[in-house]
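Trainee: Mind having a look at this structure? Questions to follow.
The values are calculated or read from the model by the stated rules, or taken from the named source; none is laboratory data. All of these numbers come straight from a predicted model, not from anything done at the bench. Here the Cβ positions follow ideal geometry from the backbone for every residue, glycine too, while neighbour counts run over all protein chains shown. With ligands, DNA and RNA removed, areas are computed over all heavy atoms of the protein, side chains included. Shrake-Rupley method; radii C 1.70, N 1.55, O 1.52, S 1.80 Å.
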Amino acid sequence: MSSDLGILLLRVLFGVPMAAHGAQKLFGWFGGYGLKGTGGFFEGLGFRPGTTFAALAGLSEMGGGILLTLGLLTPVGASAVLAAMLVAIFSVHIKNGFFAMGNGIEMPFLYAAVALGLMFSGAGSLSLDSVLGLTFLNQPYVVGGSLALAIIGAGATLGLRKQSAPQASAAHR
């Protein structure tokens, strides 16, 4: 029972802030920039149209966070969060090293690690998965498929990213 309580605490203490992080992108809540502002940032990263990619990222984070908090369809929620964090790592943070102080991968790496851990541990007995009898979600084929989906989704998203054309120098304008 203590491990189920630990998983519950991890799900809630991780899922709620992750859902709020997505709500920042989607609705501008909690000091976020909403779809328009986040979409502009995504455009600058090469994700076009930016608002579409911002909506997908926000839905992955908010939807995944809500599912993890509730312990409902846990591998799906974990996969959504993991995919979003992999995209963040490789499109924004990796060039800055590891630590968050320098805008490195530390924070999205830790978020991805928690999502991955919850994917493999399952939601525990104090979850909607357990109450609804969704025990098949803990099967290796479901967990493996969820992991593959996260990696493929992140890879596809990164593959759609358009690299900026080199800017002309001031002398050639």
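Trainee: Given the chain, what whole percent of its Cα pairs are spread farther than 22 Å? Numbers along the way, then the final one.
Mentor: On the way: 6921 of 14878 pairs.
So the portion of pairs separated by more than 22 Å is 47 percent.
Trainee: Compute the FRET efficiency between residue 33 and residue 135 as 1/(1 + (r/R0)^6), taking r as their Cβ-Cβ distance and R0 = 35 Å, and round to the nearest 0.05.
Mentor: Numbers: r = 40 Å, r/R0 = 1.15.
After rounding, the FRET efficiency stands at 0.30.
Trainee: Order the peptides 114-123, 5-14, 20-29 from the highest to the lowest mean number of other Cβ atoms within 10 Å of their residues. Write down the numbers at each step before the final one.
Mentor: Details: 114-123: 21.4, 5-14: 16.5, 20-29: 18.8.
Descending packing order for the listed peptides: 114-123, 20-29, 5-14.
Trainee: If you don't mind, another one. Only Cα pairs within less than 10 Å get springs; with that Gaussian network setup on the chain, which residue of 37, 15, 63 has the largest fluctuation?
Mentor: Taking springs between Cα atoms under 10 Å, the residue moving most is 37.
Trainee: Restricting attention to the alpha-carbon atoms of region 10-68, what are Rg (one decimal) and Dmax (integer), both in Å?
Mentor: 11.3, 34
Trainee: Right, another one. Tell me which of 120, 38, 17 sits at the most positive position along the dipole axis of region 2-122, charges placed on C-beta atoms (Lys, Arg +1; Asp, Glu -1).
Mentor: Value: 38.
Trainee: Then there is this: Per residue of the chain, what 222 nm ellipticity follows from adding -39500 (n - 2.57) for every DSSP H run with n ≥ 4, rounded to the nearest 500?
Mentor: Values: 7 runs with 114 residues, N = 173.
Computed mean residue ellipticity for the chain: -22000 deg cm²/dmol.
Trainee: Still on this structure, please answer the following. Given a 1.4 Å probe and heavy atoms of the protein chains only, how would you sort 85, 62, 1, largest accessible area at the top?
Mentor: Sorted by accessible area, descending: 1, 62, 85.
Trainee: Going by a ≥ b ≥ c, the root eigenvalues of the Cα gyration tensor, does region 93-158 fall in the rounded group (a/c under 1.5), the prolate group (a/b larger than b/c) or the oblate group? Walk me through the numbers on the way to the answer.
Mentor: On the way: a/c = 3.91, a/b = 1.92, b/c = 2.04.
Oblate shape, in that a/c is at least 1.5 and b/c is the bigger or equal ratio.
Trainee: So, for region 24-65, what is the accessible surface per residue at a probe of 1.4 Å, expressed in square angstrom? Please report the intermediate quantities before stating the final value.
Mentor: Values: 2100 Å² over 42 residues.
That works out to 50 Å² for each residue.
Trainee: Could you pull the Cα extents of region 75-115 along its three principal axes, largest to smallest, in whole Å?
Mentor: Reported extents, whole Å, longest axis first: 31, 17, 8.
Trainee: Percent of accessible area on the chain owned by carbon and sulfur, 1.4 Å probe? Intermediate results must be reported in sequence, preceding the final value.
Mentor: Values: 6740 of 9320 Å².
With neighbouring chains kept in place, the figure for the chain is 72 percent.
Trainee: Let me ask another. For region 76-149, with every protein chain kept in place, what is the accessible area per residue (1.4 Å probe, Å²)?
Mentor: Working: 3710 Å² over 74 residues.
Each residue of region 76-149 exposes 50 Å² on average to a 1.4 Å probe.
Trainee: Who wins for biggest fluctuation among 152, 105, 66 in a Gaussian network model of the chain, springs between alpha carbons below 10 Å?
Mentor: Looking only at 152, 105, 66, the biggest GNM fluctuation is shown by 152.
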